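Throughout, read-outs are computed from the coordinates displayed, never taken from laboratory work. It should be emphasised that the depicted structure is a prediction, and the values quoted were computed from it without experimental measurement. With ideal geometry, Cβ positions are generated from the backbone for all residues, glycine too; neighbour counts draw on all protein chains shown.
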Amino acid sequence: MSDDKDRDQYGVLLYYKYANIPNLEDLLSFYQSNCSQLSLLGRVRLSSRGVNVTVGGKLSSLESHIEALKAKDPVFETTDFKLATCHEPLNDRVAKECGFTSLSIRIVEELVTLSSHPLLKSPEISNAGRHLSASEFHSSLQNADQKTPRDDLLLLDARNLYETRIGKFHAPNIETLDPQVRQYSDLSSWIDDNSEKLKGKHVLMYCTGGIRCEMASAYIKSKGAGFENVFQLFGGIQRYLEQFPDGGFFKGKNFVFDHRISVGSSDTDVLGTCLICHCSFDDYSSRCRCTHCRMLVLVCHNCQNEAASYVCELCQKQGKAISSMQLIDNGELKTPLEGAELQNSSSNATVSPQMPKGDDVRPSKKLRILCLHGFRQNASSFKGRTSSLAKKLKKIAEFVFVDAPHELSFIYQTTSAEDVACESSPLPSSPPPPSENCRKKYAWLVAPNFDGSSDINWKVAEGPFDPLQYQQQTDGYGSGDGSFNLCATRTTKR
Ligand SMILES: [Zn+2]
Ligand SMILES: [Zn+2]
């Protein structure tokens, strides 16, 4: 579909590379100077585990960039650089949404975010599914095609719903699993929920350019026995369509995250349908989005004139309607995620098929609420106390709990005190009671002279104190006027 008549001097370059990057700052300054010298626009993400790049510019500049990078570090010799000619961004809005109106170079923790859950560690990329070249992938599907139904073989689309709407692999006799997620960070939960379907199967995964499969296939394999046979299409749909210009087993169009929007084969069927009238339609250039979750939706030109707000199929399933956008309805908060559009055009938005993080928008991304427990509490107890609220809000918000950094010892007094108590159990004056029944307690702030020795479970009080106020542990910042004093200057005892 790329129009390479007059404007063939323009191109888009996509690549990612997982590799140990020992000197990140050095690589950062390389990208900064190289990309600005060559007037490249787009996104560069660097982490200690690799790089993920989507840039556009003059074709010759993009070629120079590749050469300079290979010369800079031989680790990039084997990188799969996907360079395509195309027209320059014609539509400002699309170019802006795709991040092609500026250059954003950033160091990030992870190249793609498999899960928004802070405690889910990214799987080891070295354990990713086996790479299949486009032709190997094709033959796997072809071989299966010739036999009777292969129920040990599965196709798994690792992309988001709005991408699969307009194109996906389809091979007779092989089931294609379409997780219908709004964003990549929802995929790991889908995998968790559907692991029985994947267990014991040969799973053939694919995504746009390959990077999402690297992480997701490693995640599937990390589930252990029964999940060994995971394969991924190396280079993604992009490389496959180059190899099979007539589309092969890929039907429809390949959604891309640059201003091209989608790329079709020479024999493109229209798979998408208008959300409203269900006519055949697969053009995202008007960037219509769901009112609730901001995910891209397909709305044909006629219907765009009729309606101004839309509800995507996922939100419809969740019972959302255009008119019910205000607060509590059936106990659930139903608010449109305002700001998603803004976020989308910010440098935070993802440009590339290689960069599922954030995609072209962060549709329906659950609000993550950091819940900080109180003094002498801990994450677990706070989580317990807020569980019913968390349940009520689970569709729109996720509560994140962490323990405070300072572990507090239990203080007791050897001198007799009438009202000494630990939680509900009476605290004997001597010796200290066993600690098994008392969970660890934490504080966010401690006095400057706090000794912090967490190995001491029980500690003798320095002076008489009211155990309910834990004088010693609040000393130094809690003051009589109720204000906090975080500086080390105040040591006055109350
Ligand atoms: Zn329509
Ligand atoms: Zn929606």
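Tabulated results
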quantity: Under 5 Å, built H, 5+ apart or other chain: amide partners of Ser47; calculated: Val108
quantity: Binned Cα-Cα distance frequencies in region 125-317 - 5 Å width, integer %; calculated: 1, 8, 16, 19, 19, 15, 11, 6, 3, 1, 0
quantity: Fraction of the pair-distance distribution of region 25-115 above 22 Å, Cα-Cα pairs, percent; calculated: 26 percent
quantity: Formal net charge of residues neighbouring Ala158 (Cβ-Cβ distance under 12 Å; K, R +1; D, E -1); calculated: -2
quantity: Extension gain (nm, one decimal) between Ala225 and Ser280, 0.36 nm per residue minus Cα-Cα; calculated: 15.5 nm
quantity: Ascending count of other beta-carbon atoms within 10 Å, so fewest first, for Trp444, Trp190; calculated: Trp444, Trp190
quantity: Ranked Phe382, Phe255, criterion: other C-beta atoms within 10 Å, fewest first; calculated: Phe382, Phe255
quantity: Environment charge of Gly226, counting only residues whose C-beta is closer than 11 Å and scoring Lys/Arg +1, Asp/Glu -1; calculated: +2
quantity: Pairs from Lys58/Lys365; Lys383/Lys441; Lys251/Lys366 whose Cα-Cα separation, in the structure shown, is over 25 Å; calculated: Lys58/Lys365; Lys251/Lys366
